[in-house]
1. Can you confirm whether Leu236 is in contact (Cβ under 8 Å) with a residue 40 or more places away in the chain and either in contact with a helix residue (DSSP H, G or I) (Cβ under 9 Å, 6 or more places away or on another chain) or surrounded by fewer than 20 Cβ atoms within 10 Å (Cβ to Cβ) (or both)?
2. Is it true that Asp219 is among the acidic types (Asp, Glu) and more than 30 Å from Lys5 (Cα to Cα)?
3. Tyr138 versus (1) touching a His at 6+ places or on another chain (Cβ under 6 Å); (2) in a loop (DSSP other than H, G, I, E, B): which is the lone unmet condition?
4. Condition (residue is surrounded by fewer than 24 Cβ atoms within 10 Å (Cβ to Cβ) and among the hydrophobic types (A, V, I, L, M, F, W, C)) applied to the stretch 150-159: is it met by at least one residue?
5. Which number in (1) of a type outside the set (Gly, Ala, Ser); (2) more than 23 Å from Leu209 (Cβ to Cβ); (3) at pLDDT 95 or above marks the one condition that Leu230 misses?
6. Can you find a residue that is more than 21 Å from the chain's Cα centre (by Cα) and either of a type outside the set (A, V, I, L, M, F, W, C) or at pLDDT below 95 (or both) anywhere in the stretch 74-82?
7. Looking for whichever is under 18 Å from Ile285 (Cβ atoms), out of contact with any Lys or Arg (no Cβ under 8 Å at 6 or more places or on another chain) and charged (D, E, K, R) here; the options are Arg223, Arg184. Which one fits?
8. Considering only residues of the stretch 48-97 that are touching a helix residue (DSSP H, G or I) at 6+ places or on another chain (Cβ under 9 Å) and basic (Lys, Arg), which is farthest from His37 (Cα to Cα)?
Amino acid sequence: MTDLKSMTIEELTGYLLDKGEKSFRAKQIFKWIHKMHADSIDDMTDISLSLRETLKKECLFTGLKAIKEQTSKDGTKKYLFELPDGERIESVKMDYRHGHSVCISSQVGCAMGCAFCASTIGGLVRNLTAAEMLEQIYETEKINDIKVSNVVVMGSGEPLQNLENLIAFLENINSEEGDNISLRNITVSTCGIIPAMYKLAGYKLPVTLAVSLHAPNDDIRKRIMPVANLYSVKELMSACSDYFDITGRRISFEYSLMRGINDSEENAVELASLIKGLNCHVNLINVNPVEEKDFKKSQEKAIMAFKNKLEKNQINVTIRRELGQDIDGACGQLRRRYPE
């Protein structure tokens, strides 16, 4: 069946023209889905009954069910969503001075196997459709009666392993006929799948690319990130440089500090040398606790020393304020959880 919510407005127009419908019907239906967040095809009251019946027969109308909500002491909310096939994913709503941000998942589970991350426990089940990615935002907006202004595709999964659906998601969420979220307010994460980075760059979309680096050299990175066995940090830096040259968008490096593994001042100096000359920014993240993992947080003194070393080497760096840690909603904590 045709996935109605995953179609771009161009695809929807083509689908309807093939049915003998007028092209303006596509904008009407698209608005019902992506701006008005209709709960069903029957809600589309300015669409003829016969067309609605056709859509119900031929199309999937994807919806997610929020089966658990948790609220952090800092106000962050985490949602456990059930997908149409019964699988579960987690999404997180965070509030900032600049507006509401939602961290969405791009896959059910994850195949990347990063040693410090809960999302990869149990491996990859499947990719999410563009509709399932969009619905995490739409449902969060409806539940909280808000308008989301920022999106981070940094939940469970490796987005660049789901590139086709990711691109459709970005086109739909950015559409003026829909939620109209600026692509400049969207961040897409990757562990560093270099061929897919070049494919994404080829679309020349003004999204921010967040590269999960977490180590200044191949030896450390191979210990904690299996993807490092495929691509060296040298190759990754070259791809990052090319991404900036193609898109004009600064690279964001995510660096989770783990005590005794990658948090020494020597590691900081090596990291500065590795990324020097790139138009980039480093987000330092103190590794978050995961029940099945035994990585220890870096001490405050070590974090500040690491940050100071980077700054002395003219590297733009911030220490990320982690939100939702007490509800397992922070970086590296999302998973295929079932309600207790």
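The values are calculated or read from the model by the stated rules, or taken from the named source; none is laboratory data. None of the values given here were measured: they were computed from a predicted structure. All Cβ positions, glycine included, derive from the backbone under ideal geometry; neighbour counts span all protein chains shown.
1. Working: in contact (Cβ under 8 Å) with a residue 40 or more places away in the chain: yes; either in contact with a helix residue (DSSP H, G or I) (Cβ under 9 Å, 6 or more places away or on another chain) or surrounded by fewer than 20 Cβ atoms within 10 Å (Cβ to Cβ) (or both): yes.
It is true that Leu236 is in contact (Cβ under 8 Å) with a residue 40 or more places away in the chain and either in contact with a helix residue (DSSP H, G or I) (Cβ under 9 Å, 6 or more places away or on another chain) or surrounded by fewer than 20 Cβ atoms within 10 Å (Cβ to Cβ) (or both).
2. Details: among the acidic types (Asp, Glu): yes; more than 30 Å from Lys5 (Cα to Cα): yes.
Taking the combined requirement at face value, the residue satisfies it.
3. (2)
4. Residues of the stretch 150-159 that are surrounded by fewer than 24 Cβ atoms within 10 Å (Cβ to Cβ), as a first pass: 150, 152, 154.
Restricting the remaining residues to those that are among the hydrophobic types (A, V, I, L, M, F, W, C) gives 152, 154.
Checking the stretch 150-159: at least one residue is surrounded by fewer than 24 Cβ atoms within 10 Å (Cβ to Cβ) and among the hydrophobic types (A, V, I, L, M, F, W, C).
5. (2)
6. Checked against the condition, which is being more than 21 Å from the chain's Cα centre (by Cα) and either of a type outside the set (A, V, I, L, M, F, W, C) or at pLDDT below 95 (or both), the stretch 74-82 yields at least one hit.
7. Numbers: Arg184 fails: under 18 Å from Ile285 (Cβ atoms).
It is Arg223.
8. Going through the qualifying residues, I end up with Lys73.
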